[in-house]
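To keep things clear, I will list the structure first and then write my remarks on it.
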Amino acid sequence: MAAAALLALPASGHAAVMTIGSDLTKEANVFEAHGADAAFWNTSIDGQPGAIPADGQITFIRVKGSVVDDPRHRRYSGTKPLDPQFHFQVLHPISGGRQMRVMLSSAPFRLPVTLDGDSSAETQQISGYKPVNLCVRKGDYVDFNDIGGHEWSWPERSTIDGMHVQVFSRTPGSTVGFYSKNNGTNINSEWTPAAFNQGEELLMQMKLATAPDASDICEGGYMQHIFRGLNVKARSASLSARKRTVKVAVNCPVSTYGSCKGVLVLKAPINGTLTTLGGVPFNVRSSYGASLLVKLSDQITKKVLKLGGVKATVTADAHDDPRNDKRAHPTVPVQKKTTRGAIRISPSS
């Protein structure tokens, strides 16, 4: 069961990327063929729920199997070349789960085509796909949506209407949802599943990225807003003997949610001892720069002046502020980061 990599979080419970869906170890030995557009999704795999376990983004999908072509169809007059096109779609349950709404659809992808009677190595190949911005929410399903293709029926076999899509397996304890309608599975369409095929598994495995590994286009994702901390720009600074202050130039990266908040501290070796010169709290808005004024004690000022200046380490312990940024989803956590820099502090002339 654990090897099935079903819809459960990894043991740590904190991983931002998880593998969900089929484990792809079973044989693709069942085909579906429907003349109209057809959607398939795993409602359960080996007795485990098939719904998406968390908000996030589907970043990579693997499908096992192929579209099996009839080698005889090429002699039929007027038959155009087979197009094994399909899409991945996000299905959101509505009406208490009795119906589905198509929320998103990927760009078109294609399965490999094999011929009836080809070797197992050809018919059991695994293909990988990278959908763009395929956002999902907890409780959604991701379907495999083929284009049907009545024109690619096998004339000698009246039971096969459409492309022979062999990406399914006979699996006790698994169930595949099904719906088919010509031009009826587009985005925003709402429909009641036509059937739930017991003992069948869609051989489709997905990578679900969440939090820092998901795009901010998807709920809870903040890949573009990983907190990099306060940037210490200064390489030198002047110490005002009269005011006992040092100005440190900093900025807050534009990708930061809200602002960079925290405390900046200056330390330097004085007479062989690492000494804290002073510190200052800061709150610098995202994409803005600032000159932070660090106040030194009278005693420290005199020591620095006597040495003719010091080489200091700047340490900024900071966090961002997603609660005050409209771009951030409510589930985005506060991120922390410590940054450091080195500056030469010299007496002002």
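The values are calculated or read from the model by the stated rules, or taken from the named source; none is laboratory data. Values in this document were obtained by computation on a predicted structure and should not be read as measured data. Using ideal geometry, Cβ is built from the backbone for each residue, glycine included, and neighbour counts are taken over all protein chains shown. Side chains included, ligands, DNA and RNA excluded: accessible areas come from the protein's heavy atoms. Shrake-Rupley method; radii C 1.70, N 1.55, O 1.52, S 1.80 Å.
Under 5 Å between amide hydrogens, which residues at least 5 positions from VAL136 or on another chain qualify, with H placed 1.01 Å from N in the peptide plane?
Result for VAL136 returns GLY56, GLN57, ILE58.
Kindly report the accessible area of the chain per residue (heavy atoms of protein chains, probe 1.4 Å, no ligands, DNA or RNA), in Å².
That works out to 48 Å² for each residue.
Find which of GLN205, PRO172, ASN183 sits farthest along the positive direction of the dipole of segment 156-226, computed with +1 on the beta-carbon of Lys and Arg, -1 on that of Asp and Glu, about the Cα centre.
Most positive-ward Cα: PRO172.
Compute the angle between helix 298-307 and the longest alpha-carbon principal axis of the chain, please, reported from 0 to 90 degrees and rounded to the nearest 10.
Roughly 90 degrees between the two axes.
What is the Cα convex hull volume of the chain when expressed per residue in Å³?
182
Tell me, what HN-Hα J-couplings in whole Hz come from the Karplus equation 6.51 cos²θ - 1.76 cosθ + 1.60 at θ = phi - 60° for each residue of segment 274-287, using x for Gly and Pro?
Those phi angles translate into 5, 10, 7, 7, x, x, 8, x, 9, 8, 10, 5, 3, 6 Hz.
So for the chain, averaging the separation of alpha carbon pairs under 8 Å that are six or more residues apart and normalising by length, what relative contact order in percent results?
Dividing the mean separation by the residue count of the chain yields 19 percent.
Grab the DSSP H runs of the chain that are 4 residues or longer, score each as -39,500 (n - 2.57), total them, divide by all residues and round the 222 nm result to the nearest 500 deg cm²/dmol.
-1000 deg cm²/dmol
Placing +1 on the Cβ of each Lys and Arg and -1 on the Cβ of each Asp and Glu in segment 202-277, which of GLY272, ASN251, GLY229 has its Cα farthest towards the positive end of the resulting dipole?
Positive-end residue among those listed: GLY272.
Counting only C-alpha contacts under 8 Å and six or more residues apart, can you give the relative contact order of segment 228-306 as a whole percent?
Normalised by residue count, the contact order of segment 228-306 is 33 percent.
Let me know the number of lysine pairs in segment 194-286 closer than 30 Å at the Cα, not counting same-chain pairs under 8 apart.
Lysine pair count for segment 194-286: 8.
Please report the antiparallel percentage of the DSSP beta bridges confined to the chain, to the nearest 5.
Looking only at bridges with both residues in the chain, the antiparallel portion is about 95 percent.
Taking H as built 1.01 Å from N, whose amide H comes closer than 5 Å to the amide H of THR256, not counting residues under 5 places away?
Correct list: SER287.
Applying a 10 Å radius around every beta-carbon, put 50-57, 125-132 in order of their mean neighbour count, most first.
Ranked by mean Cβ neighbours within 10 Å, highest first: 50-57, 125-132.
If packing is taken as the average count of other Cβ atoms within 10 Å, what order do 322-333, 28-39, 58-69, 86-97 fall into, highest mean first?
Answer by packing, highest mean first, reads 58-69, 28-39, 86-97, 322-333.
Which whole-number percent gives the relative contact order of segment 214-349, counting Cα pairs below 8 Å spaced six or more residues apart?
32 percent.
Quick one: 3J(HN,Hα) in Hz for segment 54-66, Karplus 6.51/-1.76/1.60 with θ = phi - 60°, rounded, Gly and Pro as x.
Rounded to whole hertz, the list is 7, 4, x, 9, 7, 9, 7, 9, 10, 10, 9, x, 7.
LEU115's amide H: which non-local residues (gap 5+, or another chain) put their own amide H closer than 5 Å, with H modeled 1.01 Å from N in plane and none for Pro or chain starts?
ASP69
Kirkwood hydrodynamic radius for segment 143-259: how many Å is it when counted over pairs of different Cα atoms?
20.7
Report the Stokes-Einstein translational diffusion coefficient (µm² s⁻¹, integer) for segment 67-219, Rh taken as the Kirkwood radius over Cα pairs, at 4 °C with viscosity 1.567 mPa s.
My calculation gives 75 µm²/s for D.
Show me, for segment 328-336, the HN-Hα J-couplings you get by feeding each phi into the Karplus relation (A = 6.51, B = -1.76, C = 1.60, θ = phi - 60°), rounded to Hz, glycine and proline as x.
Per-residue couplings from phi come out as 8, 5, x, 7, 5, x, 6, 10, 10 Hz.
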